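*Asks:* Before I ask anything, let me first share the structure, which is written out below as structure tokens.
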Amino acid sequence: YSIDNGATWSDPLRVNTDSAMNHHFFPSMTMDPVSGNIYIAFYDRRNYLDSETDVYLARSTDGGASFQNRRISQSAFSPDSTVFFGDYIHVAAYAGKVYPIWMRLDYKVLTVLSAILTDTGVWPPDQPLQDTLSSETALLVTGNIAQPGIAFSIPESKHVVIEIFDLLGRKISALIDGYYGTGEFRFGVPRAV
């Protein structure tokens with residue numbers, strides 16, 4: 001951090017909480033303007049000896065002096081050097097809602113994943129993280145140019161709305177608007193002509 005408009009900077013601080021020197025890469029940071037919490041989403045290989053990769057979310061409630069981590073990807077994936085992976089990862093937060101988005105590669109098909117997380121403000125390190133930072137839903141944009149699709153999973157029956165907006169915030173269409181039970185749902189998305 002800097003307190004003089006970037007003329008000088010504090011010493012670096014470790015964001016990941018594993019002790020090994022593993023790969024942690026493509027971080028994206030945001031701050032919740034309501035709570036002041038800092039969130040950093042990043043790719044992480046702490047659990048593997050090869051290129052298997054997870055996505056983690058780091059959280060700081062003390063202005064970045066310390067961080068706690070939580071794995072937010074449901075499973076690991078392996079990037080392939082023949083498919084451009086890029087640094088397509090980002091996170092946004094507002095009023096206790098955290099919105100990470102990331103890419104993964106499965107069978108040479110890039111997919112986009114997102115989750116809506118609720119930060120309750122209680123995150124003691126001796127409690128399971130899922131008790132305090134709960135995932136309400138996960139959205140997956142999958143497929144290829146010829147056959148795009150959307151998938152989502154929900155832990156309980158609820159009303160689900162998935163809408164598309166343009167860069168100016170104007171709603172283009174509603175893809176899904178209805179009640180769904182517990183589970184994972186996948187839908188093909190028609191291509192615009």
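The values are calculated or read from the model by the stated rules, or taken from the named source; none is laboratory data. Remember, it's a predicted structure, so these values are computed and weren't measured experimentally. Because the Cβ atoms are built from the backbone with ideal geometry, glycine has one as well, and the counts that use them run over all protein chains shown. Just so you know, the surface numbers come from the protein's heavy atoms only, side chains and all, with ligands and any DNA or RNA stripped out. Shrake-Rupley method; radii C 1.70, N 1.55, O 1.52, S 1.80 Å.
*Asks:* Roll a 1.4 Å probe over the protein heavy atoms and report the accessible area of residue 87 in Å², nearest 10.
*Replies:* Ignoring ligands and nucleic acids, residue 87 comes out at about 90 Å².
*Asks:* Under a plain spin-label model, where a point goes 7 Å from the Cα along Cα-to-Cβ, how far apart in nm are residue 105 and residue 23?
*Replies:* 0.9
*Asks:* On full extension of the chain, what length is gained from residue 158 through residue 187, given 0.36 nm per residue of separation minus the C-alpha to C-alpha distance?
*Replies:* 8.7 nm
*Asks:* Quick query: amide H of residue 176 versus all other amide H atoms, modeled in the peptide plane; which residues come in under 5 Å with a sequence gap of 5 or more or a different chain?
*Replies:* Those lying under 5 Å, H to H, from residue 176 are 162.
*Asks:* For the pair residue 151 and residue 11, how long in nm is the line joining their label points, each one 7 Å along Cα→Cβ?
*Replies:* The answer from the label model is 4.5 nm.
*Asks:* Given a Förster distance of 30 Å, report the FRET efficiency between residue 80 and residue 35 from their Cβ-Cβ distance, rounded to the nearest 0.05.
*Replies:* My answer for the efficiency is 0.20.
*Asks:* Next up: Straight distance only, please: which aspartates and glutamates reach the Cα of residue 158 with their own Cα at less than 14 Å, same-chain residues fewer than 8 apart left out?
*Replies:* Qualifying aspartates and glutamates at Cα under 14 Å: 136, 177, 184.
*Asks:* For residue 108, what accessible surface area do you get with a 1.4 Å probe? Give it in Å², rounded to 10.
*Replies:* The value for residue 108 is about 120 Å².
*Asks:* Binning at 5 angstrom from zero up to the longest distance, how are the C-alpha pair distances of the stretch 9-51 distributed in percent?
*Replies:* Answer for the stretch 9-51: a P(r) of 5, 17, 23, 23, 17, 9, 5, 1 percent.
*Asks:* At a 1.4 Å probe radius, which order do 24, 90 fall into by accessible area, largest first?
*Replies:* 90, 24
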